[in-house]
Amino acid sequence: MNRLLFLVSFFIHSLSQAQVALIPRELTDDISMKIPLELKQEPSILQRTTSTTLDLFMSQDRRSDLSVNKSQLRWIEADEELLSQFYKANILNIYDQVDMIQEEIKEVNGKKFIVFEFVGQVIDEPNAFKEAKRRSDYTYIQYLVVDDGILIFRFTTSSRLKNYWQEAIQKAMESVVIEESKK
């Protein structure tokens, strides 16, 4: 009986830690990264979004997405600490509760990224027409100051899917390569 319980728990743990395959993709002339094979590029949605969205990938069930955006905010690399505090305050303002997994400035392929990985929870207040609802998201987001703005790489999914995606998304985010502008 103990052996059966062990096998069942091992099987369940293995499923939650499933390997997600990554494939190299060129997102723009200057940006490439490895993208989880399960996420498909969404050109039809991309055409309807603002010009700041450079690329968008979604899972078939639409519960998980990876986007690359470019903000026109002007910052200099020396202000990364200040920018990090600005974005952290923004995260804490959006969610009612935040469990920060990772918060740092780290070098990825020769570039300094501001990285946040967290589980955020939003709690809708109940009223006469609805019950209180909770939404819990797992997010991995990283920012890079570039000459003409800030690149934002963001992955979001339900917190229930965190264990499935976490390792692959960490590897994907660490695979980002930014080429010097070819202008």
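The values are calculated or read from the model by the stated rules, or taken from the named source; none is laboratory data. Predicted, not measured: the structure shown is a model, and the values here were computed from it. Here the Cβ positions follow ideal geometry from the backbone for every residue, glycine too, while neighbour counts run over all protein chains shown.
Take the residues in the range 139-163 that are touching a residue at least 40 places away in the same chain (Cβ under 8 Å) and assigned to a helix (DSSP H, G or I); name whichever of them is surrounded by the most Cβ atoms within 10 Å (Cβ to Cβ).
So the residue we want is K162.
So how many residues does the range 164-179 have that are among the small types (G, A, S) and in a helix (DSSP H, G or I)? Break it down stepwise before answering.
Quick first cut of the range 164-179, residues among the small types (G, A, S) only: 168, 172, 175.
So of that shortlist, the ones also in a helix (DSSP H, G or I) come out as 168, 172.
Residues flagged as among the small types (G, A, S) and in a helix (DSSP H, G or I) within the range 164-179 amount to 2.
Could you tell me whether S32 is more than 14 Å from the chain's Cα centre (by Cα), modelled with pLDDT of 95 or more, surrounded by 13 or more Cβ atoms within 10 Å (Cβ to Cβ) and of a type outside the set (D, E)?
Details: more than 14 Å from the chain's Cα centre (by Cα): yes; modelled with pLDDT of 95 or more: yes; surrounded by 13 or more Cβ atoms within 10 Å (Cβ to Cβ): yes; of a type outside the set (D, E): yes.
Criteria met by S32.
Within the range 36-53, how many residues are touching a Ser or Thr at 6+ places or on another chain (Cβ under 9 Å), at pLDDT 90 or above and either part of a strand (DSSP E or B) or more than 21 Å from E167 (Cα to Cα) (or both)?
2
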